[in-house]
Amino acid sequence: MHINLISDTVTKPTQGMLDAMMSAKVGDDVFKTDPTVNALEEKVAVMFGKEAALFFPSGTMANQTGIKLHTQPGDQLICDKYAHIYNYEGGGVSFNSGVSCKLIDGDRGMITAKQVEGAINPPDFYHSPLTSLVCVENTTNKGGGACWDVEELKKIKEVCNTNQLAYHLDGARLWNALVEKKENALAYGTLFDTISVCLSKGLGCPVGSVLVGSKEQMQQALRVRKIFGGGMRQAGFLAAAGIYALDNHIERLLEDHQKAREIGEVLSKLTYIKQVEPIETNIIIFEIDEKFMTGDTFVEKLKEKDVSIIDMGQGKLRIVTHLDYTDTMHNAFLNILKNL
Ligand SMILES: *Cc1c(COP(=O)(O)O)cnc(C)c1O
């Protein structure tokens, strides 16, 4: 039994999801005539109380499109040093939008309104790049699945309003934060200009992300998506998986969070673990005490037991729980850890 905990993206469609995909009504989405894609976009827009939504093949493309909508070449955006848009999107911010990032040294991937305020370049000082956008991430990936305090997000919104900055949320794992914090998607819709959400992470879809915003923004996003090569034809087969996941796989994320906490409890009792970061959702980030063994050795030892986890660099290891990580696997993994 292979236990794959490298990411929540490793899941395969469930039978119910496959059935929904196979019976999807499809059309050519480049002509906007795929009824299932249109239904998914409508559904997600309504969830966030936004005018419109657009389906994307990846979260990266959805984020990159959002950034493109809000910036001009030469501009600067503000984000945390751990941000996915900065670390894991191949430098797309500069490649696609000609934009630089002002990095903030936040806490587990989260920044404060005060820090944002201090990072804005004075708009009249033409020597510096023009600050035009603030990007935040919820939950934070490199920050260990941490969830934001909505009050801080509101304060940042005020800073954005005062300084005429756009506000984008990378919500790849926003669903995890919503169920964990019992928050409402509508509240997020009112806060942000645009939000990207992933269907292919905790929700268990094979492919797909969605960007939400105003009608005008999504009209422009359609053009940007085309430029990025993201126009797909009978994408309704994929959108059907998304609709199925939104109806069936959101509440169950709490099970992933519970399992993550249980793994964290076992890890924190092991002598050779130096530190386990606080666990709020489905991501566990921890460090091995190098007096006992290196991180590499630990990863190798688990590999011998047919368990996969990943090294995040800087001595940090990551485990992510997900839909395909069953109770049986969970019990087996906890035993492996206790007896390693
Ligand atoms: C996974 C992820 C994305 C998008 O990734 P894709 O692999 O392109 O779908 C964006 N932001 C965060 C925080 C992520 O974890």
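Scan the helices (runs of 4 or more DSSP H) fully inside the stretch 125-207 and keep the ones with 3 or more residues being within 16 Å of the ligand (Cβ to nearest atom). It would help to see each step written out before you state the result.
On the way: elements: 150-162, 174-181, 185-191.
Here the list reads 174-181.
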Consider only pairs whose beta carbons are under 6 Å apart and that are at least six residues apart or on different chains; among these, list those whose first residue lies in the stretch 306-317 and is touching a residue at least 60 places away in the same chain (Cβ under 8 Å) and whose second residue is of a type in the set (A, V, I, L, M) and open to solvent by 40 Å² or more (accessible area, probe 1.4 Å). Ser308/Ile6; Ile310/Ile6
Given the options Gln72, Gln76, Gln64, name the one that is of a type outside the set (A, V, I, L, M) and more than 18 Å from Ala221 (Cβ to Cβ). Gln76
Do we have any residue at all in the stretch 42-63 that's out of contact with any helix residue (DSSP H, G or I) (no Cβ under 6 Å at 6 or more places or on another chain), among the charged types (D, E, K, R), in a helix (DSSP H, G or I) and at pLDDT 95 or above? yes
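Of all residues in the stretch 21-36, which are open to solvent by less than 30 Å² (accessible area, probe 1.4 Å) and either assigned to a helix (DSSP H, G or I) or within 19 Å of Arg173 (Cβ to Cβ) (or both)? Spell out the reasoning first.
Let us first name the residues in the stretch 21-36 that are open to solvent by less than 30 Å² (accessible area, probe 1.4 Å), namely 21, 24, 27, 29, 34, 36.
Hits for the stretch 21-36 are Met21, Asp29, Thr36.
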Might you let me know whether the stretch 289-312 holds any residue that is among the basic types (Lys, Arg) and modelled with pLDDT under 95? yes
How many of the residues making up the stretch 223-252 are crowded, with 17+ Cβ neighbours inside 10 Å and not in a loop (DSSP other than H, G, I, E, B)? 13
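I'm trying to understand the selection: among the residues of the stretch 64-83, which are assigned to a strand (DSSP E or B) and either over 26 Å from Lys114 (Cα atoms) or of a type outside the set (A, V, I, L, M) (or both)? It would help to see each step written out before you state the result.
Taking the stretch 64-83 first, the residues assigned to a strand (DSSP E or B) are 76-80.
Matches in the stretch 64-83: Gln76, Cys79, Asp80.
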Just checking, does the stretch 85-94 include any residue being in contact with a His (Cβ under 7 Å, 6 or more places away or on another chain) and away from the ligand (no atom under 16 Å from the Cβ)? no
Please list, ordered by first then second residue, the pairs with beta carbon atoms under 6 Å, 6 or more apart or interchain, first in the stretch 134-157 and closer than 14 Å to Lys182 by Cα, second among the hydroxyl-bearing types (Ser, Thr, Tyr). Thr139/Thr281; Cys147/Thr139
Does any residue in the stretch 65-83 that is under 20 Å from Trp148 (Cα atoms) and in the same structural domain as Pro129 (by TED's automatic domain parsing) come within less than 7 Å, Cβ to Cβ, of a residue that is basic (Lys, Arg) and surrounded by fewer than 23 Cβ atoms within 10 Å (Cβ to Cβ) six or more places away or on a different chain, and which pairs are these? Ile78/Lys102
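The values are calculated or read from the model by the stated rules, or taken from the named source; none is laboratory data. None of these values were measured; they are calculated from a predicted model. Cβ: placed from backbone, ideal geometry, glycine included. Neighbour counts: every protein chain shown. Quick note on the areas: whole protein, heavy atoms, side chains included, nothing else; ligands and nucleic acids left out. Shrake-Rupley method; radii C 1.70, N 1.55, O 1.52, S 1.80 Å.
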